[in-house]
Structure formats: C-alpha cells, structure tokens
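A quick write-up on the structure given underneath.
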Amino acid sequence: QVQLVESGGGLVQPGGSLRLSCAASGRTFSSYTMGWFRQAPGKEREFVVGFVWSGANTDYTYYADSVKGRFTISRDNAKNTVYLQMNDLKPEDTAVYYCAADKTLRTTLRTMRKSGGYEYWGQGTQVTVSS
C-alpha cells in the first residue's frame, strides 16, 4: 500500500506563490506515474501536471495548458516527495489539489490526464487565491 500526504495549501493573493508537497510512504515502486489534479467546487477533477519516473529519469512530464509557464513539478528522491511550485496564481486556480500515483506508466498526455485508474490518492490540500 502507498500513502500520499499533501501539504502546503493555503490562502494567497492573486499573483502570489505556493509550493505544495506530496510525501509518499509505504510500498515503493521502481517506476510509476505521479500526477497532480485539482477540483474546484461544482467542477470535475482536472489534471494539472504529471510525470513518469522510469527508475532512472523523469520522463514524459506534461502540464495542463492552463498552468504552463506558472507551475513546476519536481521531486526529491531522498525524501520520497514531489513538489508543485505554483507561481502567478490566479483566482481560477482555487481548488482542492490532490496528488495521485499509479504503477502504470502513463507515457502520453491523454492517459496521464485521466484521473480514473490512478491507484493511490492523497487527501487533498485546499488552495484559495483571493484578494
């Protein structure tokens, strides 16, 4: 079993920044897909960014068009933690942010962005962008 715990959410003004963390524990895999999703009130969960870890390199990193140039995903192998650096935040970024992991290597954007099928999910962290 894999446990994912997100942290780092909060209230920020438009144009501000936040860094979300997703700490993984429990069973580990030599290769996997990791993704960040978000869900705003009354809306479906949507893909934000994800990558495939092949065991040697981070491959196949994809960003949603809405966050390209503003959000950056990174990982710290030693801490088993994935980060989501969010800059130039906008009110429309307000949502609960979830990290997800799956043993399946989702090497295309089409497969990576599908929330269904990800085996492991965190509990989510609220991000509110408001003045």
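If you take the residues of region 29-45 that are over 17 Å from Glu6 (Cα atoms) and part of a loop (DSSP other than H, G, I, E, B), which of them is most open to solvent (accessible area, probe 1.4 Å)?
The qualifying residue most open to solvent (accessible area, probe 1.4 Å) is Glu44.
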>> Would you confirm, using the coordinates I've provided, whether Val48 is touching a residue at least 24 places away in the same chain (Cβ under 8 Å) and in a loop (DSSP other than H, G, I, E, B)?
In response: no
> So, of the residues in region 75-106 that are among the small types (Gly, Ala, Ser) and closer than 17 Å to Ser25 by Cα, which turns out to be most open to solvent (accessible area, probe 1.4 Å)?
Replying inline: Ala78
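Considering each residue of region 86-111, count those that are over 14 Å from Glu6 (Cβ atoms) and in contact (Cβ under 8 Å) with a residue 60 or more places away in the chain, and give that number.
Residues meeting the conditions: 10.
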> Mind checking which residues of region 46-63 are surrounded by 14 or more Cβ atoms within 10 Å (Cβ to Cβ), of a type in the set (Gly, Ala, Ser) and over 11 Å from the mean Cα position of the chain (by Cα)?
Replying inline: Ser54
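Does Ser7 qualify as being farther than 19 Å from Tyr118 by Cα and of a type in the set (Ser, Thr, Tyr)?
Criteria met by Ser7.
Which of the residues belonging to region 69-117 are of a type in the set (Val, Ile, Thr) and more than 14 Å from Phe51 (Cβ to Cβ)?
The initial filter retains those residues of region 69-117 that are of a type in the set (Val, Ile, Thr), namely 72-73, 81-82, 94, 96, 104, 107-108, 111.
Matches in region 69-117: Thr94, Val96.
The values are calculated or read from the model by the stated rules, or taken from the named source; none is laboratory data. Remember, predicted model here, so these are calculated numbers, not experimental data. No Cβ is skipped: glycine too gets one built from the backbone with ideal geometry, and neighbour counts run over all protein chains shown. Note: accessible area is taken over every heavy atom of the protein model, side chains too, but ligands, DNA and RNA are not part of it. Shrake-Rupley method; radii C 1.70, N 1.55, O 1.52, S 1.80 Å.
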